[in-house]
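Colleague: Next up is a structure, given as structure tokens.
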Amino acid sequence: MAIPDRNTATARQRSELTRLLSRPRLTGYAHSSRRACDGIRTDPLDTYVYNMALAAAYLGPLHLVEITTRNAMNDQLARRFGRADWWNSEDLRLVYRQEADLRQKIRRLETERNRRHLPPPTPDDIVAALDFGFWTGLLKSGDKATGVDYERSLWQKALRHAFPLFRGRRSDLYVLLNQARNFRNRVSHHEPIHNIEHRRVLERLLTILGYTSVDVAAWCAERTTLADVAARSPDSDDAVRSF
């Protein structure tokens, strides 16, 4: 079947987009179309626009998952160690890689603020500088070789309280959060996401939010545009035309 004439781009725009986005990249979007297996061709630019619109729609739920998870975990760790800068507690033991990553980020933040003649970073500044990978890493088991046991020192004594509605094992929560982190990276790195089960992904993100707060999860569910965007695929009558 022929590509529908939807005035996706002018001939000159198409030429420039193909040159600058690269033909292999755009060809991949044509070959991975949901209806390609049925012999129905879709314009790769239409699929590309759809992919960008989906990425934009995912930002809100992903934002909430990362920020609420981080802050809930930080609150419990501050309570557990009795100080806002809990990472400086003598009672805390982190695995070497996380400790090194933490100290490096703090040094960079201090250097940057000093260069700009600003006060030293506050605990809130440091918490905000730690990426999602750091926080999800705190839900791992630790390091048996060095005697670091996150299950006993962090999960049982602090982090399980950050997810009051979660009833499973720490390792199960780690898997769920790490999946969300990896998907966040796919979105951030502009990878194709148009062919996945969007309803299932959104349900997973809302589930994570619900473990911390059912009210925040409901608020997100009421406001996300993801379902509407996902329904407007390039082969639909109301295909996404903007991003």
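Colleague: Measure nothing but the geometry: give the 0 to 90° angle between the long axis through the Cα atoms of 96-115 and the longest principal axis through the Cα atoms of the chain, rounded to 10°.
Modeller: It works out to around 80 degrees.
Colleague: Sticking with this structure for a sec: For the chain, what does the helix formula give at 222 nm: sum of -39500 (n - 2.57) over DSSP H segments with n ≥ 4, over the residue count, nearest 500 deg cm²/dmol?
Modeller: Result for the chain: -18500 deg cm²/dmol, rounded to the nearest 500.
Colleague: Tell me, in nm to one decimal, what length is gained between Thr18 and Glu203 on full extension, where the rule is 0.36 nm per residue of separation less the Cα-Cα distance?
Modeller: On the way: separation 185, 0.36 × 185 = 66.60 nm, distance 3.50 nm.
The Thr18-Glu203 span can extend by a further 63.1 nm.
Colleague: If you place +1 on the Cβ of every Lys and Arg and -1 on the Cβ of every Asp and Glu, how big does the dipole about the Cα centre of region 156-243 come out, in debye to the nearest 20?
Modeller: The dipole of region 156-243 has a size of about 680 debye.
Colleague: Using 0.36 nm times the number of residues separating Arg186 and Leu102, minus their current alpha carbon distance, what extension gain do you get?
Modeller: Value of the extension gain: 27.9 nm.
Colleague: Taking +1 at the Cβ of each Lys and Arg and -1 at the Cβ of each Asp and Glu, which of Ala55, Asn195, Asn88 sits farthest along the dipole of the chain towards its positive end, judged by Cα position relative to the Cα centre?
Modeller: Positive-end residue among those listed: Asn88.
Colleague: Further, regarding this structure: Let's see if you can work this out: charge +1 on each Lys and Arg Cβ, -1 on each Asp and Glu Cβ, no other charges. What is the dipole magnitude of the chain about its Cα centre, in debye to the nearest 20?
Modeller: Charge dipole, the chain, about its Cα centre: 540 debye, nearest 20.
Colleague: Return one number: the angle in degrees, 0 to 90 and rounded to the nearest 10, between the long axis of the Cα atoms of helix 214-223 and the longest principal axis of the Cα atoms of the chain.
Modeller: So the inclination is approximately 20 degrees.
Colleague: Pop the C-beta distance of Phe243 and Val214 into the FRET formula with R0 = 35 Å and round what comes out to the nearest 0.05.
Modeller: Efficiency at R0 = 35 Å is approximately 0.65.
Colleague: Oh, and also: Cα axis of helix 198-212 to longest principal axis of the chain: angle in degrees, 0 to 90, nearest 10?
Modeller: Compared with the principal axis, the helix lies near 20 degrees.
Any read-out appearing in this document is the output of simple, stated calculations on the displayed coordinates, not a laboratory observation. Since the structure is predicted, the reported quantities are computational estimates derived from the model, not experimental observations. Virtual Cβ from ideal backbone geometry, glycine too; neighbours counted across all protein chains shown.
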